[in-house]
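See below for the structure under consideration.
The values are calculated or read from the model by the stated rules, or taken from the named source; none is laboratory data. Keep in mind the model is a prediction, meaning the values are calculated, not measured. Glycine also receives a Cβ, built like all others from the backbone with ideal geometry; neighbour counts cover every protein chain displayed.
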Amino acid sequence: MQVSYAMIKSVWPSFSTLWNNYPTASQYKGDDLIDKIGLPEWLHGANTCAIRLSYALIQSGHTIDIKENEFNWSGVRASRGGNEKYIIRVATFRQYLENRKGPADVVSKSKADFLGKKGIIVFQNCPSFKTATGHVDVFDGQDCKGQAYFNECFDIRLFELSDRDEL
């Protein structure tokens with residue numbers, strides 16, 4: 001199956017800007033982050049990795065330009081600030097990245113293939129996960145800011161970001 005990538009031009013922040021804006025679990029527990037942003041209460045208790053990355057992108061100047069039902073987007077918006085759109089599912093995030101940024105720069109199961117490369121990393125096909133379908137995070141060439149799952153997942157993709165804003 002051939003995948004078609006839209007020619008939608010998005011502004012992507014530099015890796016360091018995104019890394020610095022990524023809210024860790026030690027800074028905000030999941031429900032605290034949801035409340036800070038003003039997301040719906042039904043998200044309380046949910047896995048927040050996609051929300052954390054959405055927040056970091058928005059704080060870094062990226063507009064999540066997704067339409068209702070595009071990539072199965074749930075329509076979640078912040079009630080505080082500028083009514084920004086938030087992606088809450090890993091699969092939706094991967095589709096968004098592939099459509100707005102292009103195919104992943106690295107696709108592998110081995111951490112060694114990712115070493116020295118920086119960007120947004122997507123972990124999927126993780127049989128040991130009970131409540132999540134994957135994980136999305138930022139990767140600094142050595143490790144994730146949140147949590148890495150190289151030993152638990154079989155489909156791992158990195159969307160590289162440069163150290164300069166991508167216009």
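What to note about this one:
- Given (1) in contact (Cβ under 8 Å) with a residue 60 or more places away in the chain; (2) surrounded by fewer than 22 Cβ atoms within 10 Å (Cβ to Cβ); (3) out of contact with any Ser or Thr (no Cβ under 8 Å at 6 or more places or on another chain); (4) not hydroxyl-bearing (Ser, Thr, Tyr), number of the condition His135 does not satisfy: (2)
- Checked against the criterion of being in a loop (DSSP other than H, G, I, E, B), modelled with pLDDT under 95, under 25 Å from Gly30 (Cα atoms) and in contact with a helix residue (DSSP H, G or I) (Cβ under 9 Å, 6 or more places away or on another chain), segment 48-55 has at least one qualifying residue.
- Residues that are of a type in the set (Phe, Trp, Tyr) and assigned to a helix (DSSP H, G or I), drawn from segment 21-47: Trp42
- Screening segment 24-49 for residues that are touching a residue at least 24 places away in the same chain (Cβ under 8 Å) and in contact with a Gly (Cβ under 9 Å, 6 or more places away or on another chain) and picking the one that is farthest from Phe123 (Cα to Cα) gives Gly38.
- Residue, surrounded by the fewest Cβ atoms within 10 Å (Cβ to Cβ), within segment 10-46, restricted to residues that are within 20 Å of Val76 (Cβ to Cβ) and polar (S, T, N, Q): Ser10
- Exactly one residue among Ser74, Ser79 is farther than 19 Å from His135 by Cα, modelled with pLDDT under 85 and of a type outside the set (A, V, I, L, M, F, W, C), and that residue is Ser79.
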